[in-house]
1. Kindly express, to the nearest 10 degrees and within the range 0 to 90, the angle between helix 337-350's C-alpha long axis and the longest C-alpha principal axis of the chain.
2. Please state the charge dipole magnitude for the stretch 301-362, taken about the Cα centre, from unit charges on C-beta atoms (+1 on K and R, -1 on D and E), reported in debye and rounded to the nearest 20.
3. Roughly how many percent of the accessible protein surface of the chain is carbon and sulfur, given a 1.4 Å probe and a whole-percent answer?
4. Which aspartates and glutamates have a Cα less than 14 Å from the Cα of K281, not counting those fewer than 8 places away in the same chain?
5. Please give the charge dipole size of the stretch 306-436, origin at the Cα centre, charges +1 on K and R Cβ atoms and -1 on D and E Cβ atoms. Round to the nearest 20 debye.
6. Hey, what do the phi angles of the stretch 492-501 turn into as Karplus ³J(HN,Hα) couplings, whole Hz, using 6.51/-1.76/1.60 and θ = phi - 60°, x for Gly and Pro?
7. Residue by residue through the stretch 168-179, which ³J(HN,Hα) values in whole Hz follow from phi under the Karplus form 6.51 cos²θ - 1.76 cosθ + 1.60 (θ = phi - 60°), with glycine and proline marked x?
8. My understanding is that a pair violates if its Cα-Cα distance is over 20 Å; which of K602/K624; K411/K505; K50/K530; K120/K172; K474/K559; K588/K624 do that in this structure?
Amino acid sequence: MLLKKISGLILFLVCCYTAIAQDTTQLYIPRNIQKAYDAGTRNINGTPGKRFWKNYSEYYIRVKFNPKTRKIEGEQNITYYNNSPDTLRQLVFRIAPNHYQKGGERNKILEPADIGDGVKIESLSVNADPVNTADDKVYKQEGTITKLRIKPLAPHGGRITVQMKWNYTLNKTSHERTGMIDEGTAFIAYFFPRITVYDDLQGWDDFPYLGKQETYFDNAFFNVFISVPKNYMVWATGDLQNPTEVLQPHILKKWTTALSSDVPVFVIDSADIANRAVTLKNKFNTFNFKTTAPDFVFATSNHYLWQVRNILVDSVTLRKAAITTAFNPAHKDFYEVNDFSAKTIQTMSFDFPGISYPYSHLTVVDGLDQMEYPMMINDNPTSTRFDGITLTTHEIFHQYFPFLMCTNQSKYAFMDEGWATIGEWYISPLIDTTIVDDYGMPQTNRDMGQDWEVPIITPTTEISKSMYLNNYPKPALTFLYVWDMLGDSLFRKSLKHYIITWMDKSPSPWDFFFCMNEASGVNLNWFWKKWYYEFGYPDLSIAKAEKTTGGYKVTIISKGNKPVPINLYATLADGTELKQHRTVEVWKTQNTTEVEFITSQKVKEFKLGDVYDADVNKADNILKVSE
């Protein structure tokens with residue numbers, strides 16, 4: 001009897017698994033993605049395959065920056081490990097500062113004063129053998145992409161070292177993710193020649209950095225030495241290794257105090273700045289940082305305040321993370337940013353998504369952009385508290401998406417911007433309960449269904465006008481609607497499963513779809529197909545309301561093909577309001593449904609829709625009930 005029960009259970013589970021696996025055929029899978037499934041590097045059930053691999057790099061970098069001349073001089077040694085099954089015959093570098101090179105290809109407008117000669121490669125060698133960069137058969141630069149021919153690099157563990165010396169002048173006015181902030185402050189990102197990702201989906205990532213699209217990075221080890229003039233503090237990705245060699249003793253003392261405090265401490269205050277008493281009095285101080293992360297950036301200033309606290313991010317290991325802010329004392333809005341940041345990190349660690357913050361610190365720098373990097377944020381000042389909170393929550397949420405996951409921001413930006421948008425929507429009202437954050441909704445309701453609007457699955461590299469809609473509000477809405485459809489507990493469980501399964505493994509959209517299907521045990525392909533693959537728009541309408549013996553029956557029609565929840569309100573004669581809710585699942589097999597209200601009172605009006613219910617035509621969302 002027990003054997004029969006066990007056999008029956010196994011048969012049931014196999015049938016469930018088979019149903020989910022077979023239903024994935026509803027989703028179109030591009031040939032390069034299918035190739036990875038066929039090769040066994042990824043599984044159709046949404047997990048990494050037995051043959052999954054990732055290449056790896058180690059960067060030893062020395063960089064000197066002089067804010068007066070804006071010149072950046074660097075030398076680096078890269079060790080690259082080929083863990084793939086392929087013999088590599090070239091290395092591909094992305095040299096992002098060539099975005100500012102005269103004659104370069106770009107999709108953002110730059111100030112003419114910032115257009116220059118780009119990065120000058122002073123020397124280059126491979127395994128200690130010099131490379132002739134004038135030989136375009138060996139070394140070929142096209143904009144921000146450089147391809148270097150090498151002797152065959154063996155698969156499954158082949159190793160190669162690259163030595164480079166380079167320099168360029170940092171942009172002053174066109175602050176495109178990097179550049180001068182003011183005369184004594186700079187945020188320096190995408191600054192060193194970087195070997196691009198070689199993966200199982202597309203081989204070498206040779207998409208140029210054009211400005212609008214962001215980049216795709218693997219985790220790498222960084223050991224970076226940054227030399228700046230005296231009185232300049234440095235904040236960077238990773239952990240400072242030599243504080244006693246660069247900081248004044250009283251700054252060190254305050255820093256130690258801050259690392260034992262869960263409330264913010266000014267490690268650098270106005271008196272320190274006025275007295276020029278932050279760093280040691282060497283002509284140049286060299287700050288050393290180490291980390292393993294997808295990217296490395298730094299900021300430096302001779303007049304920024306520095307606020308630090310240390311908060312718990314893991315209740316099991318009791319691990320803490322330093323939450324720091326570096327800002328111009330003239331920008332009063334930044335005095336609260338440390339609080340916003342700490343609350344965001346705590347929510348991410350213990351609530352949504354409920355995964356411990358993965359890094360040792362987070363630093364928000366008062367800059368000229370709205371841009372995220374591992375452990376570092378470049379955020380502009382804001383004029384309202386609302387903007388300060390929503391900007392902070394959005395950019396910090398990126399520490400999980402893309403950085404923890406190492407997703408391809410260039411090609412599938414919705415896999416990080418969509419999550420950052422829903423993170424902003426969720427966390428911002430927890431910081432300030434008066435916030436109603438409709439970020440992206442006016443544009444969604446206005447623009448979906450236009451002739452230029454394309455499905456979300458369209459690679460970000462191939463779109464222009466639809467980029468904002470596709471990367472921010474549209475995917476965020478799909479995550480919100482699936483959350484509602486699965487229910488809170490199952491959605492959180494499924495999302496955690498996806499994060500833990502794919503962290504540091506660069507999941508594709510199909511890995512996400514199939515992983516969520518598998519983790520939830522629910523076939524969501526009908527939903528993914530409608531929202532990610534199909535052209536169309538969301539449009540619900542109240543068709544009619546009929547009086548019944550117990551109240552009212554309201555007919556709702558989905559005129560569009562994008563399923564959205566039903567949130568229907570009935571205003572009664574005495575002014576009170578009733579609400580009925582249906583998840584998107586109501587539209588799985590039909591485009592008309594009925595909603596009943598049980599009430600003995602007369603209804604004056606029915607109204608359809610909440611803040612996050614996308615609808616291109618709200619004119620038919622209100623029905624006045626006649627006498």
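1. 60 degrees
2. Details: 5 positive and 5 negative charges, 31 e Å.
Magnitude of the dipole: close to 160 debye.
3. Values: 13580 of 25780 Å².
Looking at the chain in its full context, I get 53 percent from C and S.
4. E245, D272
5. Dipole size: approximately 360 debye.
6. Result, ordered by residue: 4, 4, 5, 5, 4, 4, 4, 4, 5, 5 Hz.
7. 6, 9, 5, 5, 9, 10, 7, 7, 9, 6, 8, x
8. Numbers: K602/K624 12 Å; K411/K505 15 Å; K50/K530 31 Å; K120/K172 18 Å; K474/K559 18 Å; K588/K624 29 Å.
Result: K50/K530; K588/K624 exceed 20 Å.
The values are calculated or read from the model by the stated rules, or taken from the named source; none is laboratory data. Just so you know, these numbers come straight off a predicted model, no measurement behind them. Cβ coordinates were reconstructed from backbone atoms using ideal geometry, including for glycine residues, and neighbour counts include every protein chain displayed. Calculation scope for accessible area: heavy atoms of the full protein, side chains included, ligands and nucleic acids excluded. Shrake-Rupley method; radii C 1.70, N 1.55, O 1.52, S 1.80 Å.
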